[in-house]
1. If you stretched the chain out fully between R242 and I133, how much longer would it get, using 0.36 nm times the residue separation minus the C-alpha to C-alpha distance?
2. Pairs K42/K190; K47/K156; K186/K276; K68/K179; K158/K276: which are spaced more than 27 Å apart, C-alpha to C-alpha?
3. Give the order of I277, I205, I163 when sorted by the count of other beta carbons within 10 angstrom, beginning with the fewest.
4. Once both labels are modelled 7 Å past Cα along the beta-carbon direction, what's the E191-E105 spacing in nm?
5. Give me the percent relative contact order of the chain, please, defined on Cα pairs under 8 angstrom at least 6 residues apart.
6. Compare the peptides 182-188, 207-213 by average per-residue count of other Cβ atoms within 10 angstrom and give them in order, highest first.
7. What's the FRET efficiency of N95 with K159 using the Cβ-Cβ distance as r and R₀ = 41 Å, to the nearest 0.05?
8. For Cα pairs less than 8 Å apart in space and 6+ apart in sequence, what is the mean separation divided by the residue count of segment 87-225, i.e. the relative contact order in percent?
Amino acid sequence: MVFDEYSESHQEPYIDQYQEDAKPEILDIIYQHNVVTDRELKVRLEKKYFPWVTGQALESLVSDGLIKKDGFPGRPPRMGTPRNFYLNPEFDYWNNLGLIGRKRELTANFNALLTHSHPAGLYAETIFERAFISLGFEIKKRNASEFRGKKVVGVKGKKPPDIDFILKRGKKYYGVDIKNWIKFEKETIKEIILKIDVAKQLDVIPVICARYVDGDTIFKEIVSEGGFCYRYEQLLLPPVFRSLAETVIRYLGYPILVVDRLPSYKLEHLKSKVFKI
């Protein structure tokens, strides 16, 4: 069963079967590429299986001895660097450390690129800001935790959570948050729930624009709360990172779009399918 539909049918009792379904596809990918990271596998299969289902199936294959799991020799990896690699059992580990090291460094450098403090981490917000303006939205506020007399209630002593944009079009107000992420796990859903709650506290329509959100979360945590979600599927990066993006696509299979503005087909989807204007 494909996990790309908005449905209430994706319940925990069925997870074991989905893990079994995922296993041959995981093996196919590993035998094709010889060595992969867990994030690489999860992204390659995210349209069919929850990332955590892929992760559980992967570890089961390791336990069964059908694939190998190895680290990388040397000092402990820095944050954002993969600790484990999953290998074709026939793959010679020591004679192929070059490929493993290549994937290791590439993953680490790319993860650093997507942190919120890095310009590329904020780039999707710039792209969507241009898109909103072109669609006739008025940007009323950025990084909003209060609006029209309403304030978000957060944890005492800490800065309250916010949303990236408050937009107005006609008589409607929207609270929009942008998530240009590659990592998505069960814990990530809490961030979606938080942003929906922020929008509701500010009495605006919640909108999540994210590269990936699983269909179950879209239905249960966004649509059911009166919100909208635009799953734009490809990471958005500026042209200055084109060479790195092409290398990541080649080695890791991540979906990446190098653009200076949202493509017309995505803009039309945002207009007609998300905001319905």
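What follows draws every value from the coordinates through simple rules; no lab data is involved. Predicted model only: the values in this text are computed from it and were never measured. Neighbour counts run over all protein chains shown; Cβ positions are idealised from the backbone, glycine included.
1. Here the answer is 36.7 nm.
2. Among K42/K190; K47/K156; K186/K276; K68/K179; K158/K276, the Cα-Cα distance tops 27 Å for K47/K156; K186/K276; K68/K179; K158/K276.
3. By the 10 Å Cβ count, ascending: I277, I205, I163.
4. Placing both labels 7 Å beyond Cα along the Cβ direction yields 2.7 nm.
5. Relative contact order comes out at 17 percent.
6. So the order, starting with the most tightly packed, is 207-213, 182-188.
7. 0.20
8. Values: 160 pairs, mean separation 25.8, N = 139.
Answer for segment 87-225 is 19 percent.
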